[in-house]
Each structure stands twice: as C-alpha cells, then as structure tokens.
Amino acid sequence: MTTSNVEQALELARAEARALTDQLRQARADLHRLGIADQNRALVCAAVSGAFGVLCGIGIGLSMRKK
C-alpha cells in the first residue's frame, strides 16, 4: 500500500470512530432520559396508590367508629 492509501484508510477509520462515539453518546443519553422518566412514573404511581390507601383507611376507620 502506498502512503496516501494508508493515510486515507486511517482518516476513514478515525471518521468512523467519531461517528460511533457520537452514536454511543446519544444512546447513553437516551437510556438515561428513559430511566429518569420511568423512575418519575413509578414515584407518581406510588404516591397516588399511597394516597388512595390512606383515604380508604380513613373511610373504613370512620365507618367502623360510627357502628
């Protein structure tokens, strides 16, 4: 191989490495963002179900107190 072909191949490999690095960085950011969204959804669901449980407990307690 001549020097220019080696240099061209090396430059092409560098460009591919940069593209793959950018894709990996974007994939990591997407996974992080999805993980945060899932965590927030789980926290909201837990808060709503906890509030529902407290209201049911108060309702049952009041109904048993009246009897």
Among the residues that make up segment 53-63, is at least one of them hydroxyl-bearing (Ser, Thr, Tyr) and modelled with pLDDT under 90? yes
Does segment 1-25 hold any residues that are assigned to a helix (DSSP H, G or I) and among the aliphatic types (A, V, I, L, M), and which are they? Val6, Ala9, Leu10, Leu12, Ala13, Ala15, Ala17, Ala19, Leu20, Leu24
Residues of segment 9-39 classified as of a type in the set (D, E, K, R) and more than 17 Å from the chain's Cα centre (by Cα), total: 5
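The values are calculated or read from the model by the stated rules, or taken from the named source; none is laboratory data. Because the structure is predicted, anything quoted here is derived from the model rather than measured.
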